[in-house]
1. SER25 versus ASN58, label points 7 Å from Cα toward the beta carbon: distance in nm?
2. Can you list the HN-Hα couplings for the stretch 6-23, worked out from phi with the Karplus curve (6.51, -1.76, 1.60; θ = phi - 60°), rounded to whole Hz and with x for Gly and Pro?
3. Give me the percent of DSSP beta bridges within the chain that run antiparallel, rounded to the nearest 5.
4. Please tell me the relative contact order of the stretch 74-113 in percent, rounded to the nearest whole number, where contacts are Cα pairs under 8 Å and at least six residues apart.
5. If you roll a 1.4 angstrom probe over the protein chains with everything in place, what fraction of the accessible area of the stretch 40-115 belongs to carbon and sulfur, to the nearest %?
6. Could you do me a favour and compute the accessible area per residue for the chain, 1.4 Å probe, result in Å²?
7. Residue by residue, what Karplus-based ³J(HN,Hα) values in Hz, rounded to whole numbers, does the stretch 84-98 have, using 6.51, -1.76 and 1.60 with θ = phi - 60° and x for Gly and Pro?
8. Amide H neighbours of THR90 under 5 Å, at least 5 residues apart or on other chains, H built in the peptide plane: list them.
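The values are calculated or read from the model by the stated rules, or taken from the named source; none is laboratory data. Owing to the predicted nature of the structure, the values given are computational and were not obtained by experimental measurement. Don't worry about glycine lacking a Cβ; one is built from the backbone with ideal geometry, like all the others, and counts go over all protein chains shown. The area values use the complete protein model at the heavy-atom level, side chains included, leaving out ligands, DNA and RNA. Shrake-Rupley method; radii C 1.70, N 1.55, O 1.52, S 1.80 Å.
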Amino acid sequence: QVQLVESGGGLVQPGGSLRLSCVFSGSMFSMYVMGWYRQAPGKQRELVARMTSGGSTNYGISVKGRFTISRDRDKRTVNLQMNSLKPEDTAVYYCNAQRRDTGYWGQGTEVTVSS
């Protein structure tokens with residue numbers, strides 16, 4: 001069984017930065033595609049970024065060039081560095097681990113971008 005625990009959310013001013021972290025508990029971390037998704041009030045959950053164990057990445061169009069995903073095999077963590085934050089980045093951010101047809105979600109961490 002996989003468990004994911006996110007941390008690092010909070011309140012930040014527009015133009016600021018935050019770093020989210022997700023700790024993976026379970027086995028076969030390297031077999032999972034790790035990703036971050038977000039859900040704003042009244043909107044569908046959307047992809048922010050994801051990364052394979054081989055280092056291939058995908059980013060949502062709205063965050064490309066501002067956000068960077070990374071993963072640490074030894075610490076079994078996946079991080080999301082968010083720069084140049086905008087009010088429209090306000091959402092609950094969820095960590096995801098996906099392997100074939102099996103996916104796991106964290107409980108989410110809230111990010112609010114506001115002055």
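1. 2.9
2. So the Karplus estimates, Gly and Pro as x, are 8, 7, x, x, x, 9, 9, 7, x, x, x, 10, 9, 10, 9, 10, 9, 9 Hz.
3. Working: 39 of 42 bridges.
Around 95 percent antiparallel, to the nearest 5.
4. Details: 40 pairs, mean separation 16.4, N = 40.
So the answer I get is 41 percent.
5. Values: 1890 of 4510 Å².
That share works out to 42 percent.
6. Details: 6420 Å² over 115 residues.
On a per-residue basis, the chain sits at 56 Å².
7. Per-residue couplings from phi come out as 6, 5, 10, x, 6, 7, 4, 4, 8, 9, 10, 8, 9, 10, 10 Hz.
8. HN-HN under 5 Å from THR90: VAL113.
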